[in-house]
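No value in this document is a laboratory result; all are computed from the given coordinates. Note that this is a predicted model, so its numbers are computed, not measured. All Cβ positions, even for glycine, are placed from backbone atoms using ideal geometry, and neighbour counts span all protein chains on display.
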Amino acid sequence: MQALVEAIREQGAMMPGGILKVDGLVNHQLLPHLTREMGERFAAGFAPLRPNKVVTIEVSGIAPALATAFALNVPLVYARKKKPITMHEVVYTARSVSRTKGGVVDLFVSSEYLGREDRVIVIDDFLASGGTLRALAQIIEQSGAKLLGLGCVIEKGFEEGRARLADLQVPILTLANILRMNEEEGLVVEAGR
């Protein structure tokens, strides 16, 4: 997705600890036309699998996941980071380590919205180490739903998260791939795979 690659090159910033700041694109401010195109790309890639739900994690995954769900005309379910008092039914849970949050994050999805009849794709903002996607896969497994594929806006290929998720045996679609990010070269980015 060349428009995304160019936007990352123009607006992306490297931060300490291997963090890529793209707040002006997906994490704080959204560009509606770019977000819509992301959803259309994910939908085109995953439509042949016939998903009936899209799953993500709050907050940064919601926009691209919603655009995907809209393009597929299916519901979006997002994992909560704090269990609300209104969540009384059986709850599926998993833990993920977040570098940007600086610690462990608990994830919660209500059994009211995810179950055995569901064929699910996961859409999130980043694929780095694969920890968040692994946690979402665990929640999907707990629910009895079938995981069909994983989609991420930006992959940090050098962190090898894709390889760590190979045992899930599902397609992984990313829209932009950060090959390297360092002081000498800056951000080396290409279209995803």
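Only Cα pairs under 8 Å and 6+ residues apart enter the sum, and on that basis the relative contact order of the chain stands at 19 percent.
Here the chain is scanned for GluC sites (Glu not before Pro) in DSSP loops (not H, G, I, E, B) that have at most 16 other Cβ atoms within 10 Å, and the longest stretch holding none of them is 1-57. Within the chain, how many Lys pairs that are eight or more residues apart, or on different chains, come under 28 Å at the alpha-carbon? Taking the chain as the scope, the lysine pair count is 21. Adding -39500 (n - 2.57) for every DSSP H run of four residues or longer, then dividing by how many residues the chain holds, sets the calculated 222 nm ellipticity at -8000 deg cm²/dmol.
The C-alpha atoms of the chain define a longest principal axis, and helix 131-143 lies at about 20 degrees to it. Going by neighbour counts of Cβ atoms within 10 Å, the residues Ile172, Ile121 line up, fewest first, as Ile172, Ile121. The distance between label points at Gln11 and Ser111 comes to 4.1 nm (points 7 Å beyond Cα on the Cα→Cβ vector).
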